[in-house]
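Working notes, structure below.
The values are calculated or read from the model by the stated rules, or taken from the named source; none is laboratory data. The structure presented is a predicted model; accordingly, all values stated were derived computationally and were not measured. Note that we place each Cβ from the backbone using ideal geometry, even for glycine, and neighbour counts take in every protein chain shown.
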Amino acid sequence: MKLILSQTDEDWYEALTAYGFGHQVQGADTWITMPDVWISGFIHETQLRSGLQISIEDYTPHEDLILEEHLIQSVALKFCFYLAGYSTVRSDRSFSPALTLERTPGLNYLAFGGADARLTWEFAPDQSFKIVNLWLESWLLQTFSEHHELVLPAELQQILQGNLEQPYLNLGYITPTMNVAVHQLLNCSYQGLTRQLYLESKALELVALKLEQMTKELQGSKNHKRSPLKPHDINRIYHARDILLRDIEHPPSLLALAEQAGLNDYKLKVGFHQVFGTTVFGYLRSHRMDRAHQLLTEQQMTVSEVARFVGYSSLSRFNTAFKQQFGICPSVCLGKRLP
């Protein structure tokens, strides 16, 4: 299935309707529902203050899906937190050089479309996607930075100064702190004004955490504190990540993991932290909690069963780890789904 969408469409929702999507507006919230035949799920958009919007994407394609997107005169920065699913995005030469990006769980990025950019998104069938997006108009970020000196990449500084011609992309990985904020946003139980204020606080927290990540990355490169990883080392670190997640109940030791990935343990520890922003077993713990969260919302297992499934023999330790990651107890999460 191929979808072709453009910002030139007078009504974006009307364009989606042509492909069988439905949409419903309730105050500040818009629900976009999928046609179920070739894709099922939803997109939930919430307009917060002027210039700030969040969207939660939760869907499963049932066949190969290609989305061609034409961005014209972008004004908003997109902060994306990729939680589930694997997809590929390719750009035209408006990005220099043209890019091909593999979107994998745990990735975050800050993107800006510029004056004229074309993107092609490719989604494989029969896998679930969950993505949290924040849309922040550049003028709003500029108002926050009026009295503060920002240490940010020159390209982003140009956007904040009103140069909206060139596209921009910065890649990173979701840190444990980001993960907590993302899941607190997803699990918001408030209503009305309280909900609006809570979601806005979490959205701005995620913006701050991403900018802080970029600042540390920039300062680190200027101070030459991190040695650049070679491409083959990065591939081996990704391979180590895949090995680690094959059996989260019985993961290999650090030495065994390094040997299987073709690295020494020092390079694995240092490189893993550079690539994923956390330790090997910090990453494993975060993934275990994400899997536990998914299992609890599916309502097929008890809290004790989920704890054992993700490798915890102690229920109290599982409860503590879950609350540290999501800010709520597993029993609160049990059976809680997005509409």
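If you check Gln196, Gln213, Gln184 for being among the polar types (S, T, N, Q), surrounded by 15 or more Cβ atoms within 10 Å (Cβ to Cβ) and in contact with a strand residue (DSSP E or B) (Cβ under 6 Å, 6 or more places away or on another chain), only one passes: Gln213.
Restricted to the stretch 226-339, the set of helices (runs of 4 or more DSSP H) holding at least 2 residues that are free of Cβ contacts under 8 Å to residues at least 12 places away in the same chain and under 21 Å from Tyr86 (Cα atoms) comprises 231-246. Within the stretch 44-59, residues that are of a type in the set (Ser, Thr, Tyr) reach partners that are assigned to a strand (DSSP E or B) with beta carbons closer than 6 Å, at six or more positions or on different chains, in the pairs Thr46/Asp29; Thr46/Ile54; Ser55/Ile43; Ser55/Glu45; Ser55/Asn133; Tyr59/Ile39; Tyr59/Gly41; Tyr59/Phe129.
Only one of these is among the small types (Gly, Ala, Ser) and modelled with pLDDT of 90 or more: Ser6, Ser74, Ser55. Name it.
Testing whether each residue is among the small types (Gly, Ala, Ser) and modelled with pLDDT of 90 or more leaves just Ser55.
To keep it simple, each residue is scored yes or no on (1) loosely packed, with under 14 Cβ neighbours inside 10 Å; (2) under 16 Å from Val182 (Cβ atoms); (3) modelled with pLDDT under 90.
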{"site": "Gln26", "(1), (2), (3)": "yes, no, no"}
{"site": "Thr30", "(1), (2), (3)": "no, no, no"}
{"site": "His44", "(1), (2), (3)": "no, yes, no"}
{"site": "Gln47", "(1), (2), (3)": "no, no, no"}
{"site": "His70", "(1), (2), (3)": "no, no, yes"}
{"site": "Phe79", "(1), (2), (3)": "no, yes, no"}
{"site": "Tyr82", "(1), (2), (3)": "no, yes, no"}
{"site": "Arg103", "(1), (2), (3)": "no, yes, yes"}
{"site": "Leu110", "(1), (2), (3)": "no, yes, no"}
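Where strands (runs of 3 or more DSSP E) fall wholly inside the stretch 85-168, the ranges with 3 or more residues that are hydroxyl-bearing (Ser, Thr, Tyr) are 87-91. When we screen Tyr190, Tyr173 for residues that are closer than 19 Å to Arg49 by Cβ and among the hydroxyl-bearing types (Ser, Thr, Tyr), the only hit is Tyr190.
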